Amino acid sequence: MNSISHIIDWFINTEVLNMAMIALIYLTVFAVLGLFLVLLERKVAAWFQLRIGPNRVGYLGLFQTIADALKLVSKELTGTEKADKFLYNLAPYFVIVTSLMALAVFPFTKDLQAFDINIGIFFLIAISSIGVIGILLGGWSSNNKFALIGAMRSGVQTVSYELSVGLSLLTMVILTGSLQLSEIIEVQKGGWLIVQGHIPAIIAFMIYMISGTAETNRAPFDMVEAESELGAGYHTEYSGMKFAYFFLAEFINMFIIAAIATTVFFGGWLSPFGITESLPWMGLFWFLAKTFVLVFLMMWFRWTFPRLRIDQLLTLEWKYLLPINLVNLVLMAVIVWLNLTIQI
Amino acid sequence: METAIKEPTTSKSNFKSEEYFINMGPQHPATHGVLRLLLTIDGEIIKKVDPDLGYIHRSIEKMCEKNSYQQIVHLTDRLDYLSSHINNEAVCLCVENALELEVPERVKVIRTILGELTRIASHTLWWGVMGMDVGALTSYFYGFRDREMINDIFEETCGARLTMNYNIPGGLMQDIHPNFVKRVKEFIPHFRSKLPEYDRLLTGNIIFQKRTKGVGILTKEDAINFGASGPVARASGYSCDVRKHHPYSALDRVNFTEALDTTGDSFARYQVRIAEMWESLNIIEQLIDNIPEGDFKVATNAVIKLPKGDFYQKVETARGEFGVYIISTGTKNPYRVKFRSPGLSNLSLLNHITVGGKIGDLVATMATIDIVVPDIDR
Amino acid sequence: MTNEALQQTILSWFPDPEFTQPQFSEEGSQYLTVNTEPEQLHELMQLLKNNPETHFDYLFCLTGVDYGKELGVVYHLESTVHRHMLVVKVQTEERENPVLESVQDLWATANYHEREVYDFFGIIFRNHPNLKRLFLTEDWEGYPLRKDYVDEMNMVVK
């Protein structure tokens with residue numbers, strides 16, 4: 001009996017209930033955000049492609065993706081007979097849970113941050129590399145050759161591009177001297193890091209955006225799905241809500257990649273030139289505005305570029321991005337050492 | 001067929017690579033219809049491509065043996081539905097030649113204009129789908145935007161957008177719509193301004209060039225040996241344009257250059273088709289102001305009977321050389337009709353040029369070969 | 001090369017009167033037509049392709065025909081160098097087990113077209129590396145483009 005009361009005490013004292021509440025709110029908000037990102041993508045695609053896009057469900061089609069999600073929920077879950085059922089069912093949760101977990105550490109404003117740990121960046125990189133396990137599992141367990149090829153491509157791609165994502169963020173960490181996201185923003189009060197770090201920071205940003213797009217498996221790096229080659233790639237055999245998890249995770253991952261870039265390169269919730277410094281809640285607006293500009297950039301990539309081939313993808317990473325990144329890292333170190341950063 | 005690739009050097013490790021089969025199609029986004037490819041793959045590298053055909057085989061050649069010559073025309077636009085007008089024209093020309101029937105000049109000019117419009121429509125669709133196959137989805141809509149204008153012209157004049165059935169032995173079904181000339185004249189400057197957009201979106205793109213340059217190389221000797229025709233063969237430097245070498249209809253009076261390239265890779269095939277669109281515009285421009293007045297058909301017997309003998313007519317469709325071979329015994333039905341489809345010959349070289357490439361290369365190469373499955377299966 | 005010159009050249013390859021001479025005709029066709037025997041087919045084709053004077057390197061059409069009593073194949077040839085054309089016709093009276101020589105070693109395009117002819121007419125091409133049905137299923141019975149083919153289910157007979 002004693003032990004139970006201990007546990008209850010622990011619950012109350014450590015605010016586990018509070019954390020659970022926060023988690024629930026985050027889940028709801030970001031699930032809806034994911035749906036609206038899908039809508040945004042469709043609108044952007046339509047704009048690029050001389051179309052109108054969804055405009056029937058709700059005002060300007062705002063509820064289109066919600067209707068789609070409802071449809072997917074009500075759909076029958078089909079699958080292959082010879083699939084490895086346990087792993088097959090597990091895979092989508094791996095993908096969606098990891099992408100939602102990463103959201104916990106972002107400082108949306110000065111006060112709105114669920115989880116301010118001192119290894120924020122490290123946590124993000126670590127979490128984002130777990131997602132690939134879900135893709136590998138899904139592709140392998142569904143017992144389909146197209147899915148398997150997609151999953152293997154995904155493994156190769158994510159393992160390679162993880163390096164560039166990590167190294168380009170590490171370049172910026174030299175400048176900040178901290179892995180904690182709230183502190184990284186603090187540092188930027190003297191100028192956004194992309195300004196402070198000037199040349200190496202811009203190089204790092206470009207590498208980050210390329211490899212970030214690759215890590216989310218989006219075009220032009222969508223080898224994993226490659227609908228004209230593999231049908232639907234790793235999620236060929238998924239349907240209904242399980243498919244929706246993969247789909248939603250892709251969009252939340254896109255948001256995460258853009259949010260990391262906002263935090264690390266563009267000053268997070270800080271307003272440009274401190275114009276709304278007196279209004280702290282405006283920080284949320286600035287954060288989201290910057291993030292959506294970057295999200296739009298990634299959508300722009302997708303609807304403009306053709307897809308790379310798998311060997312070209314690896315050539316790009318190992319022969320170009322990685323060496324440039326390493327040189328860039330040294331360059332940044334030299335700049336910080338010689339105190340050549342730009343401070344406003 | 002010998003493979004041109006080097007075998008991977010076998011290492012002494014325990015990791016052995018194993019070839020496996022994969023079924024691409026008949027339902028697959030890149031096979032454009034119901035083509036089934038049996039791929040033998042080692043990892044991502046293609047070892048063998050074996051097309052399995054016949055999923056849309058309708059035995060059109062057998063059906064022709066039971067139908068009259070007027071009826072055959074209507075079967076041909078179900079072959080290569082993107083070049084339907086040119087296919088119709090081929091049968092009509094074949095029958096007219098056999099009957100030694102001279103059609104009015106007006107018919108010849110209108111047929112040529114419509115044929116070139118068909119070619120542009122087919123190439124714009126191909127361009128859109130080509131982009132889609134290499135992953136650039138936006139090109140699809142750009143291609144369809146311009147194709148739509150041509151389809152509207154067809155709709156006004158022929159009453160149909162895809163399978164026109166506008167040609168009949170002896171001329172045309174009816175006269176052109178009064179708006180036809182105006183609409184075509186509107187289309188030419190419109191498309192001239194849009195074609196550079198195609199280049200900006202896809203041709204100049206570094207990823208696109210990397211995906212297509214040096215991929216699926218076809219030499220001139222192989223092109224001839226495999227019976228390739230159309231842009232596929234011309235990209236290898238083999239001058240095979242039927243419009244140049246055996247001009248038909250009004251093509252003997254227009255000036256145009258045959259689009260040729262010597263590289264023979266997928267990018268060359270792409271460029272040849274883009275160049276062909278420019279040339280087709282030139283041809284239309286030369287003819288559209290000079291449509292002669294006159295009848296739109298000559299009277300033929302209600303029941304056409306061809307003299308005894310063999311008759312062959314080749315035309316240049318958007319895909320290559322389309323041939324109609326009619327063996328007649330003098331009755332109202334042909335004894336045997338053979339359609340020489342450009343697609344079948346072009347497809348037969350797929351294995352030859354894709355072995356050793358990746359799956360992505362296969363898709364890109366197949367897009368530049370530009371197959372239409374009903375044309376292959378007949 | 002003109003049709004007469006072509007005719008002379010081809011005849012000069014078969015001087016031995018013991019062999020059957022190729023028969024020429026221009027009647028009822030816009031091209032010069034050569035009728036040859038199945039035994040001579042491959043030899044004639046080889047010469048037509050490899051002789052620099054004729055140089056027929058482009059086989060643009062290969063048609064199977066059922067003439068009622070005989071089964072035949074019609075080859076349409078063109079030279080990409082000299083731009084002359086020729087039609088070669090070959091017939092066999094054997095209907096049960098018609099065998100002709102394959103020409104796919106000379107023109108790779110014949111590979112698929114011969115499979116098509118085998119599929120529809122049942123003509124077996126000797127030395128063809130992959131002679132199986134092209135369009136129809138493997139277990140299809142009969143050869144549908146033959147004149148005596150009956151299919152009461154699918155064929156409309158007028």
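Just so it is clear, none of the values below were taken in a lab; they were calculated from the coordinates. None of these values were measured; they are calculated from a predicted model. Cβ coordinates were reconstructed from backbone atoms using ideal geometry, including for glycine residues, and neighbour counts include every protein chain displayed.
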**Q.** Diffusion coefficient, µm² s⁻¹, Stokes-Einstein with Kirkwood Rh over alpha-carbon pairs of the range C:29-95 at 25 °C and 0.890 mPa s
**A.** 199 µm²/s
Q) Which Rg and Dmax, in Å, describe the Cα atoms of the range C:105-158? A) 12.8, 41
Q.
To test your reading of the geometry: what angle, between 0 and 90 degrees and rounded to tens, separates the Cα axis of helix C:110-121 from the longest principal axis of chain C?
A. 40 degrees
Q) So which trypsin sites (Lys or Arg not before Pro) in the range A:69-132 are both in a DSSP loop and have at most 14 other Cβ atoms within 10 Å of their Cβ? A) A:LYS75, A:LYS82
(Q) Over chain C, what portion of Cα pair distances is larger than 22 Å, expressed as a whole percent? (A) 44 percent
Q: Name the long-range amide H neighbours of B:HIS28: under 5 Å, sequence gap of 5 or more, or other chain; modelled H, no Pro or chain starts.
A: B:GLY33
Q: Compute the relative contact order of chain B as a whole-number percentage, counting only Cα pairs closer than 8 Å that sit 6 or more residues apart in sequence.
A: 26 percent
Q | Loop-resident sites, the range C:55-158, for chymotrypsin sites (Phe, Trp or Tyr not before Pro), counting at most 13 other Cβ within 10 Å (DSSP) | A | C:TRP140
Q) Kirkwood Rh, Cα Rg: Rg to Rh for the range A:1-154? A) 1.06
Q. Dipole of chain C (Lys/Arg Cβ +1, Asp/Glu Cβ -1, origin at the Cα centre): which of C:LEU59, C:GLN91, C:LEU131 lies farthest to the positive side?
A. C:LEU59
Q: Could you give me the percent of Cα pairs per 10 Å distance bin for the range B:225-378, shortest bin first, beginning at zero and ending with the bin that holds the maximum distance?
A: 10, 31, 31, 20, 8, 1
Q) Cα convex hull of the range B:29-121: mean projected area in nm², to one decimal? A) 8.6 nm²
(Q) Below 8 Å, C-alpha to C-alpha, sequence gap of six or more: please give me the relative contact order for chain A in percent. (A) 23 percent
**Q.** Computed E for B:ASN290/C:GLU53 - FRET, C-beta separation, R0 45 angstrom, nearest 0.05
**A.** 0.60
Q: Choose one answer from B:ALA299, B:ALA228, B:ALA136: the residue with the largest mean-square fluctuation in a GNM of chain B with alpha-carbon springs under 10 Å.
A: B:ALA299
Q: Using only the alpha carbons, work out the radius of gyration and Dmax of the protein assembly as shown in angstrom.
A: 32.8, 117
(Q) Using a 10 angstrom Cβ neighbour count of at most 12 plus a DSSP loop assignment to flag exposed GluC sites (Glu not before Pro), which longest range of chain A is free of such sites? (A) A:82-276
Q | Cut-off 15 Å between beta-carbons: net charge of the residues surrounding A:PRO272, Lys and Arg +1, Asp and Glu -1 | A | +1
Q | Debye log10 I(q)/I(0) at q = 0.12 Å⁻¹ for chain B, Cα point scatterers | A | -0.90
Q. Taking N as the number of residues in the range A:80-337, what is its alpha-carbon radius of gyration divided by 2.2 N^0.38 Å?
A. 1.03
Q: Quickly work out the C:GLU94-to-B:ASP175 label distance, labels modelled 7 Å from Cα along the C-beta direction, and quote it in nm with one decimal.
A: 6.1 nm
(Q) If you restrict to DSSP beta bridges whose two residues both lie in the protein assembly as shown, what percentage is antiparallel, to the nearest 5? (A) 85 percent
Q: Using +1 at the Cβ of each Lys and Arg and -1 at the Cβ of each Asp and Glu in the range A:1-101, identify which of A:TRP47, A:ALA67, A:THR98 lies farthest towards the dipole's positive end.
A: A:TRP47
Q) Per residue of B:307-320, how many C-beta atoms from partner chains lie within 10 Å of its own C-beta, taken as a mean? A) 3
Q) Got a sec to turn the phi values of the range A:241-254 into Karplus ³J(HN,Hα) couplings, 6.51 cos²θ - 1.76 cosθ + 1.60 with θ = phi - 60°, whole Hz, x for Gly and Pro? A) 5, 5, 5, 4, 4, 4, 5, 5, 4, 4, 6, 5, 4, 4
Q: DSSP loop (so not H, G, I, E, B), at most 13 other Cβ within 10 Å: list which trypsin sites (Lys or Arg not before Pro) in the range C:41-104 pass both filters.
A: C:LYS69, C:ARG83
Q | Average projected area [Cα convex hull, the range A:1-74], square nanometres | A | 7.8 nm²
Q: Report, as an integer, the average count of C-beta atoms from other chains found within 10 Å of each Cβ along C:67-74.
A: 2
Q. Which whole-number percent gives the relative contact order of chain C, counting Cα pairs below 8 Å spaced six or more residues apart?
A. 17 percent
Q | Convex hull of Cα atoms in the range B:323-378, direction-averaged projection (nm²) | A | 4.5 nm²
Q) Dipole of the range C:1-150, Cα-centred, from +1 at each Lys and Arg C-beta and -1 at each Asp and Glu C-beta, to the nearest 20 debye? A) 380 debye
Q | Against the rule of thumb 2.2 N^0.38 Å, how large the Cα Rg of the range A:190-344 comes out | A | 1.22
Q.
Using helices alone, I'd like the mean residue ellipticity at 222 nm for chain C: each DSSP H run of four-plus residues gives -39500 (n - 2.57), total over residue count, nearest 500.
A. -7000 deg cm²/dmol
Q | Shielding by partners, peptide A:225-236 (average Cβ within 10 angstrom, other chains) | A | 5
